[in-house]
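The values are calculated or read from the model by the stated rules, or taken from the named source; none is laboratory data. Predicted, not measured: the structure shown is a model, and the values here were computed from it. No Cβ is skipped: glycine too gets one built from the backbone with ideal geometry, and neighbour counts run over all protein chains shown.
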Amino acid sequence: MSLLQWRTLLVDAGWAVPSWPVRWHGRGLPSWADGIVAAELSRAGAAGLPVGAGMSLAAPTILAHGPDSIRERFLRPLLTGEETWCQLFSEPGAGSDLAGLVTRAELDGDEWVVDGQKVWNTSAHHADLGMLVARTDWGVPKHKGLTYFVLPMHQPAVEVRPLRQMNYHSSFNEVFMAGARIPRDFVVGEVGDGWRATLTTLAFERRFGVMRRPKHGEASGRALDEARVEAAAHFETYKWYPQRAGRVDLVVEQSQSNGTSQSPVVRQEIARLLSLQKVSIWTAERAQASRALGRTPGPEGSIGKLATSIIARQAARVHTMIAGAHAMLGGLESPLGGVIAEVLLSTPAQSIAGGTDEIQRNILGEKALGLPREPAVDQERAFRDVPRN
Ligand SMILES: Cc1cc2nc3c(=O)[nH]c(=O)nc-3n(C[C@H](O)[C@H](O)[C@H](O)COP(=O)(O)OP(=O)(O)OC[C@H]3O[C@@H](n4cnc5c(N)ncnc54)[C@H](O)[C@@H]3O)c2cc1C
């Protein structure tokens, strides 16, 4: 049986995502059921759901905001892995200030015509569809004139150009749209109400953090082999992500093997690192338990995102103390074949992706601690009148 046939069976039976409503391929069970079913599938040596921005970001956003025509058209191929997704949010002049984006979409008969540029778009080079936020009304305040579209990526008016990072990998792209076409009804939520759906995607992005590789064990079979190939292709883009998180798992062994564990200063920094990690795991578990009880998500998403950055930076510092100047070397004769150098070059990304550390602090200050909002002069006036460069 092919992977597609197997996933079709799973989806039809409602066991692909049992927490989803019965109408949308689920069984209406509590959210804890998803984890249990995924674990049991893996234990039985069966393939599960596809990994990627489709499952983690597009699916919950579409499920939450609809409309039904969009749920009908996109959820099933997303679950079976027939269509893959990327996130087209950031622009050269709009990252933290995402609502200031200037990609425009205008209605032309039965299609939207899109012009603009996106940047830092992970996996856009092999995605079928893009979660695109574009401006459809310039005469209202900036958060109100946005619409959340599904952009078909395979069309001549969409050009994807890979970027090269300082850690030598190439995971991101610039995406140029010059007269790109979108069918009129490929809108998530409602026209002009895209900011609400955007916030949903961003909340899930903070929550899902580091992507986990599916466990396929030793079992074999056509569906499982195809799932392995699919996962390998997907994770090719993300192969430096463990380094981005600081590789805390390597610290103790490295320190013991070169004797630096004898130094009280190094030991103290390792203890600090491991304590931070432990506390962060407990916070994540608390958030998970609270979600399982059906409570509204609290500030744990921002706390967790910030904690991951702090841990990654502390891990990079500890790795440097252990490896010394050799930490800067790449190549086969360097510490762990260049992994430590890659950690140093990759951890800055952790503090930027999915919302920078400063932005998480703003969210925590304003939403969790109730501090006054940042002063802003661009919230009320029509976006076309807001000064920008
Ligand atoms: C690994 C990685 C993967 C990514 N994947 C994607 C993707 O798939 N799709 C996508 O659309 N984007 C993606 N991004 C882009 C990411 O969302 C943006 O880089 C991020 O939101 C920051 O925006 P910016 O780069 O424009 O920085 P800016 O917003 O220009 O920020 C520059 C600096 O100013 C600070 N700053 C800005 N505003 C404030 C404020 N109000 N208060 C305090 N400090 C502030 C920031 O914290 C930062 O230090 C990715 C980025 C990375 C690193």
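Observations
- When we screen Ala312, Ala353 for residues that are surrounded by 14 or more Cβ atoms within 10 Å (Cβ to Cβ), within 22 Å of Gln256 (Cα to Cα) and within 12 Å of the ligand (Cβ to nearest atom), the only hit is Ala312.
- Flag for Leu306 being over 21 Å from the mean Cα position of the chain (by Cα) and either surrounded by fewer than 17 Cβ atoms within 10 Å (Cβ to Cβ) or within 16 Å of the ligand (Cβ to nearest atom) (or both): no
- Val266 being closer than 19 Å to Gln87 by Cα and modelled with pLDDT of 90 or more: no
- Pairs, first closer than 26 Å to Pro299 by Cα and assigned to a helix (DSSP H, G or I) in the stretch 360-389, second acidic (Asp, Glu) and modelled with pLDDT under 90, C-beta under 8 Å, six or more apart: Asn362/Glu374; Glu366/Glu374
- Flag if Gln262 is surrounded by fewer than 18 Cβ atoms within 10 Å (Cβ to Cβ), farther than 29 Å from Gln360 by Cβ and over 21 Å from the mean Cα position of the chain (by Cα): yes
- Any chance Ser257 is farther than 28 Å from Arg313 by Cβ and among the polar types (S, T, N, Q): no
- Unique residue being under 29 Å from the mean Cα position of the chain (by Cα) and more than 30 Å from Leu202 (Cα to Cα) when the list is Ala323, Ala327: Ala327
- Wholly within the stretch 83-190, strands (runs of 3 or more DSSP E) carrying at least 2 residues that are under 24 Å from the mean Cα position of the chain (by Cα) and within 16 Å of the ligand (Cβ to nearest atom): 85-88, 111-119, 129-135, 146-152, 158-162, 173-183
- Matching option when the condition is away from the ligand (no atom under 16 Å from the Cβ) and of a type outside the set (Lys, Arg), among Pro348, Pro335: Pro335
- Subset of the stretch 163-210 [of a type in the set (Lys, Arg) and in contact (Cβ under 8 Å) with a residue 24 or more places away in the chain]: Arg181, Arg184, Arg196, Arg206, Arg207
- Scope the stretch 217-238; condition surrounded by fewer than 12 Cβ atoms within 10 Å (Cβ to Cβ) and either touching a Phe, Trp or Tyr at 6+ places or on another chain (Cβ under 6 Å) or charged (D, E, K, R) (or both); matching residues: Glu218
- Hits in the stretch 356-389 - residues which are buried (at least 18 other Cβ atoms within 10 Å of the Cβ) and away from the ligand (no atom under 13 Å from the Cβ): Phe383
- If you check Ile62, Ile36 for being more than 14 Å from the ligand (Cβ to nearest atom) and in contact (Cβ under 8 Å) with a residue 60 or more places away in the chain, only one passes: Ile62.
- Among the residues listed as Gln268, Gln243, Gln254, the single one being under 25 Å from Gly354 (Cβ atoms) and not in a loop (DSSP other than H, G, I, E, B): Gln243
- Selection status of Gly52, surrounded by 16 or more Cβ atoms within 10 Å (Cβ to Cβ), touching a Lys or Arg at 6+ places or on another chain (Cβ under 6 Å) and at positive phi: no
- In the stretch 249-259, of all residues being surrounded by 17 or more Cβ atoms within 10 Å (Cβ to Cβ) and under 16 Å from Ile311 (Cβ atoms), the one that is nearest to the chain's Cα centre (by Cα) corresponds to Leu250.
- Residue under evaluation Ala325, criteria (1) free of Cβ contacts under 8 Å to residues at least 12 places away in the same chain; (2) within 16 Å of the ligand (Cβ to nearest atom), criterion not met: (2)
- Test: residue in the stretch 45-62 that is modelled with pLDDT under 95, out of contact with any helix residue (DSSP H, G or I) (no Cβ under 8 Å at 6 or more places or on another chain) and in a loop (DSSP other than H, G, I, E, B): no
- Scanning the stretch 72-100 for residues that are among the hydroxyl-bearing types (Ser, Thr, Tyr) and within 18 Å of Leu199 (Cβ to Cβ) returns Ser90, Ser96.
- Of the set (1) touching a Pro at 6+ places or on another chain (Cβ under 8 Å); (2) more than 16 Å from the ligand (Cβ to nearest atom); (3) not small (Gly, Ala, Ser), all apply to Arg71 but (1).
- Yes/no for Ala341 being surrounded by 19 or more Cβ atoms within 10 Å (Cβ to Cβ), without any contact (Cβ under 8 Å) to a residue 60 or more places away in the chain, more than 14 Å from the ligand (Cβ to nearest atom) and under 27 Å from Ser170 (Cβ atoms): yes
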